[in-house]
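What follows is one structure encoded as C-alpha cells, with my remarks underneath.
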Amino acid sequence: MSGVRASAPGKLVLSGEYAVLDGAPAVCMAINRRAKVRITAVDGQRHRVSAPGHSSLEGRFVVDDSAIAWLQGEDEYRIVDAVWRAVAPVPMRCLSIELDTRAFVDEASGKKIGIGSSAALTVALAAALTQSGAVLEPALHAHRVFQGGTGSGVDIATSISGGLIEYRRNGAAVAPLNWPTGLAYRLVWTGVPASTRVQLDKLEKSGHGASRAALFGAAENMARAWRSAAAVMSQYPAYIAALQQFSVDHDLGIFDAGHEQLVSAAAAAGLVYKPCGAGGGDVGILLGNGDEQLDDFMNGRKGPGCQILDFELERDGVLLEQS
C-alpha cells in the first residue's frame with residue numbers, strides 16, 4: 001500500500017428510526033457530506049493517525065502479530081482501533097492515516113451536525129485499509145464495537161450504498177429505492193447536537209410497550225409508502241404521531257429543540273416535517289410537492305434553531321481512489 005484515499009457519505013433516517021432495532025424496515029438517505037480518509041506508507045517503526053479539525057493529538061501505535069498496541073491517542077482514536085481490529089490489515093510498511101470529518105461540522109458554530117459522521121468514517125477507513133468497497137460486515141462490526149454494542153447498522157449500510165435505501169437489520173438487507181418523483185425536500189438543522197448513544201441507552205432501560213409495537217407497524221407502512229410522493233405525504237402524519245407517542249413513553253425527546261413546533265406549523269401549511277435524529281436536536285426534513293411551497297414556508301423561520309442546510313441526496317456511496 002503506497003497511498004490510498006477513500007470517502008463515504010453521511011446519512012439521515014427518514015422513517016423506521018428505533019423500530020429498525022426490532023426488525024422493522026428503515027428508510028435512509030445518504031447526504032452529500034463525506035468523511036475522508038487518506039493513507040500513505042511512511043518510513044519508521046510506528047503507525048501514525050491524525051484528524052485535522054478534530055484533534056491536535058497525533059495517535060501512534062504498533063502492530064505485533066496483528067495485535068494493535070497504542071503508544072499514544074488510544075482514547076482519541078477508538079474508531080481506528082475498532083476498524084483495524086475488524087479488518088486486520090497486514091501492511092508492509094508503517095502507515096500515516098489522516099481522518100477528515102470537517103464536512104460534518106457547522107463552520108459558524110463549530111458544532112457537529114448529526115448526519116452520521118462516525119459511520120461514514122468507519123466505512124471510509126475500512127475501505128482504505130482493505131482497498132475495497134466491500135466492507136459491510138467488518139464496518140458493521142467495528143461501528144458496533146465503537147458504539148458500545150448498540151446501533152442497527154442502517155448508517156453503515158447507507159454510507160456504503162449511497163442514495164436512498166430500505167434497510168432491515170436482520171441480515172443487514174439493503175434494497176435501493178428511487179427518490180419519489182415530485183417530492184421536494186429541505187433539510188433543517190436545529191443547531192443543537194445530540195447523542196444517539198445516550199438515547200439508545202435510555203431505550204434499553206425503558207423496555208417495550210404498546211407505543212413501541214405501534215411504531216413498528218407504522219415503520220412497515222412508511223417503508224411501503226416511499227414508492228410515491230403522494231403515499232409519502234399521506235402516510236407520514238400517522239407515522240409521526242406514532243413516533244411522538246413512542247418518544248413520550250420512552251423519554252427520548254425526539255421532538256425537542258424546536259422540532260415539535262415545526263411539525264405543527266408544517267401540518268397547518270399542508271406540508272410534512274419530521275426530526276431525523278435520535279432525539280434532543282440534530283436535523284429534520286421538510287417535505288412537500290414543490291420547492292416554492294417549501295421556500296415560502298421557511299421564509300421568516302431562519303433563526304438559530306431553524307437553519308436550512310444546503311445538503312442534498314448523495315447518489316454515490318463509498319468511493320476508493322488509489323494513488
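What follows is calculated from the coordinates using simple rules that are stated; it is not laboratory data. Keep in mind that what you see is a predicted model, and the values were worked out from it rather than measured. Reconstructed Cβ throughout: ideal geometry from the backbone, glycine too, with neighbour counts over all protein chains shown.
Which order results if Arg34, Arg227 are arranged by neighbouring Cβ count within 10 Å, fewest first?
Ascending Cβ contact count within 10 Å gives the list Arg227, Arg34.
Using only the alpha-carbon atoms, how far is helix 196-206 inclined from the longest principal axis of the chain? Give it as 0 to 90 degrees, nearest 10.
60
Would you list Cys306, Cys28, Cys276 from fewest to most Cβ contacts within 10 Å?
Listed from fewest to most nearby Cβ atoms, that is Cys306, Cys276, Cys28.
In the stretch 3-177, what is the volume of the convex hull around the alpha carbon atoms, normalised per residue and reported in Å³?
114
Pairs of lysines 8 or more apart, or on different chains, with alpha carbons under 16 Å: count those in the chain, would you? Mind showing how you got there, number by number?
Details: Lys11/Lys36; Lys11/Lys112; Lys11/Lys274; Lys36/Lys112.
So the count of such lysine pairs works out to 4.
State the Cα centre-to-centre distance between the stretch 1-49 and the stretch 267-313 in whole Å.
25
What percentages, rounded to whole numbers, describe P(r) for the stretch 1-63 computed over all alpha carbon pairs with 10 Å bin width beginning at zero?
17, 30, 24, 23, 7
Using a simple spin-label model with points 7 Å from Cα along the Cα→Cβ vector, what separation in nm is obtained for Asp310 and Val248?
Rounded to a tenth, the inter-label distance reads 4.0 nm.
Would you mind checking which residues have amide H under 5 Å from Gly116's amide H? H placed 1.01 Å from N; only 5 or more apart, or other chain.
HN-HN under 5 Å from Gly116: Lys11.
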